[in-house]
Number of protein chains: 2
Amino acid sequence: MGVLVVGSVALDSVQTPFGTVREALGGAATFFSVAAAYFTDVDIVAVVGTDFPAEHIEFLRSRGIGTGGLTVEDGETFRWAGVYGYDLNDRDTIDTRLGVFESFRPSIPSSLAESEFVFLANIDPGLQLSVLDQVERPRLVACDTMNFWIERNRPELVELLSRVDIMVMNDAECRMLAEEPNLIKAARIVLGMGPDAVIVKKGEHGALMCTEEGFFSAPAYPCESVFDPTGAGDSFAGGFMGHLAGTGDVSPENIRRAIIYGTVMASFCVEDFSVDGMASLDRIDIDRRFLVLRQVALFEP
Amino acid sequence: MGVLVVGSVALDSVQTPFGTVREALGGAATFFSVAAAYFTDVDIVAVVGTDFPAEHIEFLRSRGIGTGGLTVEDGETFRWAGVYGYDLNDRDTIDTRLGVFESFRPSIPSSLAESEFVFLANIDPGLQLSVLDQVERPRLVACDTMNFWIERNRPELVELLSRVDIMVMNDAECRMLAEEPNLIKAARIVLGMGPDAVIVKKGEHGALMCTEEGFFSAPAYPCESVFDPTGAGDSFAGGFMGHLAGTGDVSPENIRRAIIYGTVMASFCVEDFSVDGMASLDRIDIDRRFLVLRQVALFEP
């Protein structure tokens, strides 16, 4: 079936207690698509500048990722630089240069307008809405957002929530959007804004899904070597949407499985800089971690 | 089989965003025993002052909790006062008056020296060790601790860890004791200090068990009405040990079930002040939440 992702492709400079990397391949759409490509066909709609290394485009293509919607514009590629502290839970953004991303207006090629699975990675909710206007009734649309848009463009974010099937966000964003500190209440409040499911990413504490039927709590993969958390949430979304699109099954049981596959992809992502932790996996590596997570979560009455 | 608990019985004054209570029944051994008494016989070894209301002792006895080891000494009962902030995750202790608890030297009545299940609630590790010297090879010993003892009496805490079967602690204490921010690594480090299992309580994020065989991640119960978190960890321990003692089964599968029962008792605890949330349950209420948690955690390959 395949999945369409619209979002950022960037060059990340990251410092963690374990090392430093400069201008490595990054961006939400990148992490998403590298993760999703293990499960299904992926197409990216994004923008980069003329300075974007050709090798990165070749890398994406080598994964089978469609780059027909990745436009190159005059100017600089989006650059982000951040530093993680000792425990990796907090990070400081030390530089953000939007470059050509500042004037990104996603244009969906007609060949992708009938995509059945669509992921709207974190960009201005107004642009996320414009993507929905350009696609024909997808089977399933999921989206992400960030604190910046909750503060700066709540009206369009709320409109977006009424038009997507699944909202994926982190716990701080969920509490902020709902204006409610209790995460269970907060997830229900966001659910009430329209989507069929709210999936809350909690980092080392796993993920929590809220639907009308109740809650699903997915454990985190027990990672001993967390090297760089950058992109974990987008890799989670990639594994999640990739599994749904690859199987074509959006049943409640399969959505739970997809959350576990998302968790697995995030666990590989954090083990190295950039997309390196996900670059050379076999499907069996992925399924092995799925089964570990089943053991981690298992109990019987 | 029954379980013996050694720890504090106190009078708590608590302020949360939802209300205030003054000098209510509290203390680790209290929360533990009220929770455990739904599953098995419980005996408390603790100390209170002459000011301790007789109605509280009657309440404990009415639950079938053995109070033969609850001694009344000249002086004041241990009092604790705390204030919880908006999101209930942080609390400030505003007053601690140890009273007779300051000179508590647990003396195990000979009738309890052959207890098969023993829980050492949070007290000075030196006193926890003295309890172990007074009992005959219990089948299973679990203990708790707190940041204060990790800082002030690490040597005896480390000795204690080599003599207990299961360590129960919260995530911050686990990281502090292991001197390691990664919780997975930290739990393994504490496991290396001697116990067969380390159970890390993570509040709204559930619990994580680390053994030589691997990890078990238990979801939190999806509580929408968290009213007062005081005693949640001790109620967790009570449900956990109560189920193990009540069934007499310490198999790995039953230890996982016990963690879920602990989670259930903590979820009732936080719904009201003091032990009120646990005071009038039926066993069917408890088993209903166990089954909810099974649905919350369930996924199939």
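Considering only residues of segment A:252-301 that are away from chain B (no Cβ under 12 Å) and aromatic (Phe, Trp, Tyr), which is nearest to residue A:201 (Cα to Cα)?
Restricting to residues being away from chain B (no Cβ under 12 Å) and aromatic (Phe, Trp, Tyr), the top hit is A:268.
Return only the number of the condition from (1) surrounded by fewer than 23 Cβ atoms within 10 Å (Cβ to Cβ); (2) not in a loop (DSSP other than H, G, I, E, B); (3) not hydrophobic (A, V, I, L, M, F, W, C) that residue A:277 does not satisfy.
(1)
Report yes if some residue within segment B:214-227 is more than 26 Å from residue A:211 (Cβ to Cβ), outside any loop (DSSP other than H, G, I, E, B) and either of a type outside the set (A, V, I, L, M) or more than 10 Å from chain A (Cβ to nearest Cβ) (or both); otherwise report no.
There is at least one residue in segment B:214-227 that is more than 26 Å from residue A:211 (Cβ to Cβ), outside any loop (DSSP other than H, G, I, E, B) and either of a type outside the set (A, V, I, L, M) or more than 10 Å from chain A (Cβ to nearest Cβ) (or both).
Filter segment A:159-210 down to the residues that are under 30 Å from residue B:215 (Cα atoms), within 14 Å of chain B (Cβ to nearest Cβ), within 20 Å of the chain's Cα centre (by Cα) and among the aliphatic types (A, V, I, L, M) and list them by number. Walk me through it before giving the result.
First, pick out the residues of segment A:159-210 that are under 30 Å from residue B:215 (Cα atoms): A:166-175, A:181-188, A:197-210.
Remaining after also requiring within 14 Å of chain B (Cβ to nearest Cβ): A:170-172, A:174-175, A:181-188, A:198-210.
When the remaining residues are screened for being within 20 Å of the chain's Cα centre (by Cα), the result is A:170-172, A:174-175, A:187, A:198-210.
Passing the criteria: A:172, A:187, A:198, A:199, A:200, A:207, A:208, A:209.
Can we say residue A:233 is at pLDDT 95 or above, within 14 Å of another protein chain (Cβ to nearest Cβ), under 26 Å from residue A:7 (Cβ atoms) and part of a helix (DSSP H, G or I)? Full working, then the answer.
Values: at pLDDT 95 or above: yes; within 14 Å of another protein chain (Cβ to nearest Cβ): no; under 26 Å from residue A:7 (Cβ atoms): yes; part of a helix (DSSP H, G or I): yes.
The answer is no for residue A:233.
One line per residue, one yes/no per condition, for (1) of a type in the set (S, T, N, Q); (2) within 20 Å of residue A:21 (Cβ to Cβ):
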residue: A:239; (1), (2): no, no
residue: A:248; (1), (2): no, no
residue: A:254; (1), (2): yes, no
residue: A:263; (1), (2): yes, no
residue: A:267; (1), (2): yes, yes
residue: A:272; (1), (2): no, yes
residue: A:275; (1), (2): no, yes
residue: A:280; (1), (2): yes, yes
residue: A:293; (1), (2): no, no
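If you take the residues of segment B:189-234 that are out of contact with any Ser or Thr (no Cβ under 7 Å at 6 or more places or on another chain) and acidic (Asp, Glu), which of them is nearest to residue B:142 (Cα to Cα)?
Within segment B:189-234, the match that is nearest to residue B:142 (Cα to Cα) is B:234.
Output the residue which, of all residues in segment B:92-111 that are assigned to a strand (DSSP E or B) and among the β-branched types (Val, Ile, Thr), is farthest from residue A:171 (Cα to Cα). Please lay out each step first, then the result.
The initial filter retains those residues of segment B:92-111 that are assigned to a strand (DSSP E or B), namely B:92-97.
So of that shortlist, the ones also among the β-branched types (Val, Ile, Thr) come out as B:93-94, B:96.
Working: B:93: 27, B:94: 29, B:96: 33 Å.
Among those residues, the one meeting the criterion is B:96.
In segment A:75-91, what residues are farther than 22 Å from residue B:183 by Cβ and either within 14 Å of chain B (Cβ to nearest Cβ) or in contact with a Gly (Cβ under 8 Å, 6 or more places away or on another chain) (or both)?
Answer for segment A:75-91, where residues must be farther than 22 Å from residue B:183 by Cβ and either within 14 Å of chain B (Cβ to nearest Cβ) or in contact with a Gly (Cβ under 8 Å, 6 or more places away or on another chain) (or both): A:75, A:76, A:77, A:78, A:79, A:80.
Is there a residue being without any contact (Cβ under 8 Å) to a residue 40 or more places away in the chain, within 16 Å of residue A:102 (Cα to Cα) and among the hydrophobic types (A, V, I, L, M, F, W, C) anywhere in segment A:64-79?
yes
Any residue that is in contact with a Pro (Cβ under 6 Å, 6 or more places away or on another chain), modelled with pLDDT under 95 and crowded, with 19+ Cβ neighbours inside 10 Å - is there at least one of those in segment B:86-95?
For segment B:86-95, residues in contact with a Pro (Cβ under 6 Å, 6 or more places away or on another chain), modelled with pLDDT under 95 and crowded, with 19+ Cβ neighbours inside 10 Å: present.
Residues of segment B:259-282 being more than 13 Å from the chain's Cα centre (by Cα), over 17 Å from residue B:60 (Cβ atoms) and of a type in the set (Gly, Ala, Ser), which ones?
B:267
Here is a check on your reading of the model: is residue B:249 modelled with pLDDT of 95 or more, crowded, with 24+ Cβ neighbours inside 10 Å and of a type outside the set (Phe, Trp, Tyr)?
Working: modelled with pLDDT of 95 or more: yes; crowded, with 24+ Cβ neighbours inside 10 Å: no; of a type outside the set (Phe, Trp, Tyr): yes.
No.
May I ask you to list the residues in segment B:190-210 that are surrounded by fewer than 18 Cβ atoms within 10 Å (Cβ to Cβ) and either among the hydrophobic types (A, V, I, L, M, F, W, C) or closer than 20 Å to residue A:298 by Cα (or both)?
B:193, B:196
Within segment A:191-205, which residues are on the phi < 0 side of the Ramachandran plot and outside any helix (DSSP H, G or I)?
Step one: of segment A:191-205, the residues on the phi < 0 side of the Ramachandran plot are A:191-193, A:195-202, A:204-205.
Correct list: A:192, A:193, A:195, A:196, A:197, A:198, A:199, A:200, A:201, A:202.
The values are calculated or read from the model by the stated rules, or taken from the named source; none is laboratory data. Predicted, not measured: the structure shown is a model, and the values here were computed from it. Note that we place each Cβ from the backbone using ideal geometry, even for glycine, and neighbour counts take in every protein chain shown.
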